[in-house]
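Below you'll find the structure, written out as C-alpha cells, and then a few comments.
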C-alpha cells in the first residue's frame, strides 16, 4: 500500500511537471482558461454541431482541459476549467484531479464539457464539487433536447458529458476517481 501511494504521488508530481506553465497573474490565468474553454467548445461544435444548442440552451456548462498519465498500475491527472451559468453569465474557475488504478501505460490530453440541464445540477457541481468513481459508456440523446445531446453521455440526472480526445469525441467517457472543485486562487 505504501508503495502504491508513493507511486501515485510520484505520478502526480510528474504530471504537474509536464503541465503547461501558467501565467504569472491571476487575471492572466483566468484569460488562459477562458481561451482554452472557447477553443474546446469550438472543437466540440465542429465534431458535434448540435452540441452548441445543448451548451447554450440549458442551465449551464463547464469546460475542462486535462492532462493525465498512467504508468503500470497507477495513474493520475489534473486540469483546469471554467463553469458558466447561462442565466447569469457568472464564471466559476475550477480545478480537476484524478487518480486511476489498473494496468496501463500512456499520457493523454483530453477535454471535457459538462452540460447541466437544471440550475440545481449546475449549483451542486460548482458549490459542492464532484467526485466520480464510475464510468459512463455510450452516447445517448434525450427526447427533450431533440438530439442536441447526441454524442454526450448521461452521467447523472440532468448532467451530460462530452469527452474530446485528439482523435475526436470519445466513445467511452471515463471519470474514474475524478474530483472537480472550485479554484480558490482564481475566484
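The values are calculated or read from the model by the stated rules, or taken from the named source; none is laboratory data. Please read all numbers here as calculations on a predicted model, not as lab measurements. Glycine gets a Cβ as well: all are built from the backbone with ideal geometry, and neighbour counts include every protein chain shown.
Among the residues of the stretch 128-142, are any closer than 25 Å to residue 31 by Cβ, modelled with pLDDT of 90 or more and either under 12 Å from the mean Cα position of the chain (by Cα) or not in a strand (DSSP E or B) (or both)? No, there is no match, as no residue in the stretch 128-142 is closer than 25 Å to residue 31 by Cβ, modelled with pLDDT of 90 or more and either under 12 Å from the mean Cα position of the chain (by Cα) or not in a strand (DSSP E or B) (or both).
Against the test of being modelled with pLDDT of 90 or more and crowded, with 16+ Cβ neighbours inside 10 Å, the options 125, 110 yield a single qualifying residue, 125. Of all residues in the stretch 40-60, those being in a loop (DSSP other than H, G, I, E, B) and at pLDDT 95 or above number 2. If you filter the stretch 148-165 down to residues that are in a strand (DSSP E or B), modelled with pLDDT of 85 or more and touching a helix residue (DSSP H, G or I) at 6+ places or on another chain (Cβ under 8 Å), you find that the one that is farthest from residue 61 (Cα to Cα) is 164. Output the number of the condition that residue 168 fails; it satisfies all remaining conditions of (1) at pLDDT below 80; (2) surrounded by 19 or more Cβ atoms within 10 Å (Cβ to Cβ); (3) within 18 Å of residue 37 (Cα to Cα). Condition (2) is where residue 168 drops out. One residue stands out among those in the stretch 72-87 that are over 20 Å from residue 182 (Cα atoms) and either out of contact with any helix residue (DSSP H, G or I) (no Cβ under 6 Å at 6 or more places or on another chain) or modelled with pLDDT of 95 or more (or both): the one that is surrounded by the most Cβ atoms within 10 Å (Cβ to Cβ), which is 75. Look at (1) out of contact with any helix residue (DSSP H, G or I) (no Cβ under 6 Å at 6 or more places or on another chain); (2) at pLDDT 95 or above; (3) within 23 Å of residue 123 (Cβ to Cβ) and you find that residue 63 fails only one, number (1).
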